[in-house]
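As structure tokens, the structure follows; a few thoughts come after it.
The values are calculated or read from the model by the stated rules, or taken from the named source; none is laboratory data. If you're wondering where the values come from, they're calculated on a predicted model, not measured in any experiment. Methodologically, a virtual Cβ is constructed for each residue, glycine included, from the backbone with ideal geometry; neighbour enumeration extends over all protein chains shown.
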Amino acid sequence: MSLTAAGALALAFALEAAFAEPPASLHPVAWFGRAVAPFDREWTHPLAVGALVAVVLPLVAAVLVGSLVALAGRVDARVAAGVAGLALFATTSLRMLSAEARAVVAATETDLDAARDRLTSLAGREADDLSAGELRSAAVESAAENLADGLVAPLLAFAVGAVVSLPVAAAAAAWVKAVNTLDSMLGYRSKPVGTASARLDDAVMWLPARVSAALVAFVGLDAAALARAREHADAPPSPNSGWPMATLAAVLGVRLAKPGVYDLPLGGEFPTVAESRRGVRVVGVAGALAYALAAGVVAWS
């Protein structure tokens, strides 16, 4: 079974390298988002509805994906590996958002308005009044945070699930991605229906966020970055996102901040263009290392 899981991992990695993302019209995460959208409204009992949504929708996604892989396995193990690899590819994301982060950083040198417009694809913050340094900070923060929730979390879920079976591995990755998507759509204080989704995502992301921080410190050749990051990791409202962001700030020796929300002063200034580009590179290499880590877990199983 480890060979088919390894094949699925290899396929997902190859597709990420070649295409970055499936087309939007064919992206299962976009389909899931459309299924979630009707629940994003006022409810008489929002907490109860939200709890039901948080439990049922990710479970449905996991069962569908796991069943597809199981059915493919009845045809041939290689077909199952292909379906599982496609599913894993759909649940992971790094290259496209890293490219967007680099584009924002580059635009800060020549066109701040373009950089502000482009930032909307990365970070949920008002960008009209952000300085060049603050824009670069937002891009670097987004790259670090996406390493955890966009890549490491589904990869680790897949690798752990592979200990049981290939269908369980694919289902686990789909479940984690569904939980994260629910949080990104509903998990705001202004939306009581998203309270359960937000709390579930906090629990699911606890380990991936810290694994991501360790990968960033390792790639940045700065083991002490984790200790320095610990002092600031709880600054963001999320109990998890501060870990990869603060660790990357420590590796770069810069300040990262979201105005009015949090400040990660691991350096005196916001990142320069060169520092920002290095930060995105560190995240990219850490992402490749995450695939290797997942492959190691699969091989061990």
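Remarks
- Residues being part of a helix (DSSP H, G or I) and touching a helix residue (DSSP H, G or I) at 6+ places or on another chain (Cβ under 8 Å) - total across the stretch 20-40: 10
- Selected residue [closer than 30 Å to ALA61 by Cα, of a type in the set (A, V, I, L, M, F, W, C) and either within 17 Å of the chain's Cα centre (by Cα) or assigned to a loop (DSSP other than H, G, I, E, B) (or both)] from VAL193, VAL179: VAL179
- One residue from LEU26, LEU15 being under 21 Å from VAL176 (Cβ atoms) and either buried (at least 16 other Cβ atoms within 10 Å of the Cβ) or at pLDDT 95 or above (or both): LEU15
- Residue count, the stretch 151-171 (criterion: in a helix (DSSP H, G or I) and crowded, with 24+ Cβ neighbours inside 10 Å): 14
- Selection from the stretch 87-131 of residues that are assigned to a helix (DSSP H, G or I) and of a type in the set (S, T, N, Q): THR91, SER98
- Screening ARG41, ARG74, ARG78, ARG34 for residues that are surrounded by fewer than 14 Cβ atoms within 10 Å (Cβ to Cβ), of a type in the set (D, E, K, R), under 29 Å from VAL297 (Cα atoms) and out of contact with any Gly (no Cβ under 8 Å at 6 or more places or on another chain) leaves exactly one candidate, ARG74.
- Qualifying residue in the stretch 267-274 (condition: part of a loop (DSSP other than H, G, I, E, B), under 22 Å from ALA107 (Cβ atoms) and among the hydroxyl-bearing types (Ser, Thr, Tyr)): yes
- Residue satisfying condition, being more than 30 Å from ALA139 (Cβ to Cβ), in contact with a helix residue (DSSP H, G or I) (Cβ under 6 Å, 6 or more places away or on another chain) and without any contact (Cβ under 8 Å) to a residue 60 or more places away in the chain, within set VAL79, VAL56: VAL79
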